[in-house]
Amino acid sequence: MSKYIPNYHNVHNKFKLNGFHLNAEDLCRVAYSFIKEGEDFEKPVGDFILDWFDGKEFIEIKTSGSTGKPKTIRVEKQAMVNSALATGDFFGLEAGDTILNCLPVKYVAGKMMFIRAFILGLEMDFVAPSSHPLELIDKQYDFTALVPLQAMNSIDLLHNFKTIIIGGSAVSSALEKVLKPIKASIYETYGMTETITHIAARKMGEKAFTTLPNVVLSQDKNNCLLIHASAISDEIIHTNDIVELISENKFVFLGRFDNVINSGGIKLIPEQIEAKMLPFIKNRFFVMGKPDKELGEHLVLVVEGKEETIDLSKIESLDKYEKPKEIIFVNKFKDTATGKIIRKESLV
């Protein structure tokens, strides 16, 4: 007997929004109220709900702009349902579980929290997305999703959750260190708008990401990740992420191909160098290549904030090719809406 797969018309009979059982008709009435009378963060929720139940087979979603200019793409609603089911299977979510949504519904991650609740029958509360979203929360939940800044600002409150996923940008070693003592099951997720949020997750303390159900991995000639996920995309999803592929279901993220620096024929992956430097530099920073007549590119360290002395000789783990030849200070980096540094624009 085949497993029943709900479609995007369905709203599970155990679904709750802020404590109230609502069906599709109820949700549309609530949506109009949000748009007409709601708080600023509620208006995009109203728009999304009406878009979800408008009878079309697709929905338009904005990308965050971390790898280029933000753009709007069309995503099949059934693919989003399939993504929600995969998340439910991977993290063991069941009808009646409680979840908190504190992500902006303008982007795919916030939308997917609603879709998971609709399809899986979850009891969802949602609050205004902010950098301190948990400060007024006084109850426990089974599941939530945060960006790294929200997690870092909420360390003392994370014990109120059974499972926490963190995405939008990479989890730093500094954040992972402070998350380690927390008893909740905490995962870093891997994904992008084109994959309809995450397709893999890495539990804190582990090195490799593991795929969600029905996702198979391979690599191209540049060691960039290729994602085969027929439930969410008819085509292979090509990424610019360089990975160490452990199996068709496990990988270690190394860095982005478009960030790679070629210095005198030596290929340097900025993310690997930044991980070594992180304990020694208190402000936000990144490394990048700068044109060089002899080397093609030389390595530059870009630091956010006022100019100060940084002694790179203390970082013994850096080999001679990984030591920046120049340090540039920038008053304020440019970020995407999800908190990723836009490297090229930050140096303008």
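Since every read-out is calculated from the coordinates, none of them should be taken as a lab result. Since the structure is predicted, the reported quantities are computational estimates derived from the model, not experimental observations. Here the Cβ is made from the backbone with ideal geometry for all residues, glycine too, and neighbour counts use every protein chain on show.
Taking amide hydrogens as modeled 1.01 Å from N in the peptide plane, which residues meet the under 5 Å criterion relative to D241, leaving out close sequence neighbours?
L225, F257
Out of every Cα pair in the stretch 184-231, what percent are spaced more than 17 Å from each other?
38 percent
Please express the shape of the stretch 226-348 as an equivalent ellipsoid: the semi-axes are the square roots of 5 times the eigenvalues of the C-alpha gyration tensor, given largest first in whole angstrom.
Listed largest to smallest, the semi-axes of the stretch 226-348 are 29, 18, 15 Å.
So what does the Cα-only Debye profile of the stretch 93-228 read at q = 0.11, 0.15, 0.16, 0.20 Å⁻¹, as log10 I(q)/I(0), no solvent term?
-0.40, -0.74, -0.84, -1.29
Applying the Karplus parametrisation 6.51 cos²θ - 1.76 cosθ + 1.60 with θ = phi - 60° to the phi angles of the stretch 263-279, what ³J(HN,Hα) value in whole Hz is obtained for each residue in order, glycine and proline being reported as x?
10, x, x, 8, 8, 10, 9, x, 4, 6, 5, 4, 4, 6, 8, 3, x
Calculate how many DSSP beta bridges within the stretch 273-348 are antiparallel, expressed in % of all such bridges and rounded to the nearest 5. If you can, show how the numbers build up before the last one.
On the way: 9 of 14 bridges.
DSSP beta bridges in the stretch 273-348 are roughly 65 percent antiparallel.
Once phi is turned into ³J(HN,Hα) by the Karplus curve 6.51 cos²θ - 1.76 cosθ + 1.60 with θ = phi - 60°, what whole-Hz value does each residue of the stretch 234-244 show in order, with x for glycine and proline?
My calculation for the stretch 234-244 gives 6, 10, 5, 8, 8, 10, 9, 9, 7, 9, 9 Hz in order.
Eigenvalues of the Cα gyration tensor times 5, then square-rooted: what semi-axes does that give for the stretch 161-309, in whole angstrom, largest first?
Gyration-tensor ellipsoid for the stretch 161-309: 29, 23, 12 Å.
For I328 paired with E244, estimate the spin-label separation in nm (one decimal), with each label point 7 Å from Cα along the Cα-to-Cβ line.
3.1 nm
How many angstrom lie between the Cα centre of the stretch 234-265 and the Cα centre of the stretch 175-214?
17 Å
At 222 nm, what helix-only mean residue ellipticity would the chain give, in deg cm²/dmol to the nearest 500, using -39500 (n - 2.57) for each DSSP H run of four or more?
The helix-only estimate for the chain comes to -6500 deg cm²/dmol at 222 nm.
If you line up the long axis of helix 108-120 against the longest principal axis of the chain, both from Cα atoms, how many degrees apart are they, to the nearest 10?
Taking Cα atoms only, the helix is inclined about 30 degrees.
Quick one: Kirkwood hydrodynamic radius for the stretch 1-128, alpha-carbon pairs, angstrom, one decimal?
Computed over Cα pairs of the stretch 1-128, the Kirkwood hydrodynamic radius comes out at 15.0 Å.
Using θ = phi - 60° and the Karplus relation 6.51 cos²θ - 1.76 cosθ + 1.60, list the HN-Hα couplings for the stretch 8-25 in order, rounded to whole Hz, with x at every Gly or Pro.
6, 6, 6, 10, 4, 6, 9, 5, 9, 10, 6, x, 10, 5, 9, 9, 4, 5
Taking the Cα centre of the chain as origin, work out the dipole magnitude from +1 charges on Lys and Arg Cβ and -1 charges on Asp and Glu Cβ, in debye rounded to 20.
Using only the charged Cβ atoms, the result is roughly 460 debye.
Can you list which of the trypsin sites (Lys or Arg not before Pro) found in the stretch 35-114 are DSSP loop residues with at most 14 other C-beta atoms within 10 Å?
In loop regions of the stretch 35-114 (DSSP not H, G, I, E or B), the sparsely surrounded trypsin sites (Lys or Arg not before Pro) are K56, K71.
Could you sort the peptides 211-224, 156-169 by per-residue average Cβ neighbour count (10 Å cutoff), highest mean leading?
In decreasing order of mean packing, 211-224, 156-169 become 156-169, 211-224.
Output the Kirkwood hydrodynamic radius of the stretch 101-150, Cα pairs only, in Å rounded to one decimal.
11.4 Å
Tell me the angle of helix 77-91 to the major Cα principal axis of the chain, expressed in degrees between 0 and 90 and rounded to the nearest ten.
80 degrees
Compactness ratio of the stretch 1-52: Cα Rg over 2.2 N^0.38 Å, N = residue count?
Against the compact-globule rule of thumb, the ratio is 1.32.
Taking 7 Å along the Cα-to-C-beta vector as the label spot, tell me the L226-N214 distance in nanometres, rounded to one decimal.
2.1 nm
What number does the chain give for Rg over Rh if you use C-alpha atoms and the Kirkwood radius?
Using Cα coordinates only, the ratio equals 0.98.
Work from the charge dipole of the stretch 203-295 (Cβ charges, +1 for Lys and Arg, -1 for Asp and Glu, about the Cα centre) and give the residue of M204, L217, F286 farthest towards its positive end.
Selected residue: F286.
Where does each of 280-292, 90-102 land if you order them by average Cβ count within 10 Å, highest first?
90-102, 280-292
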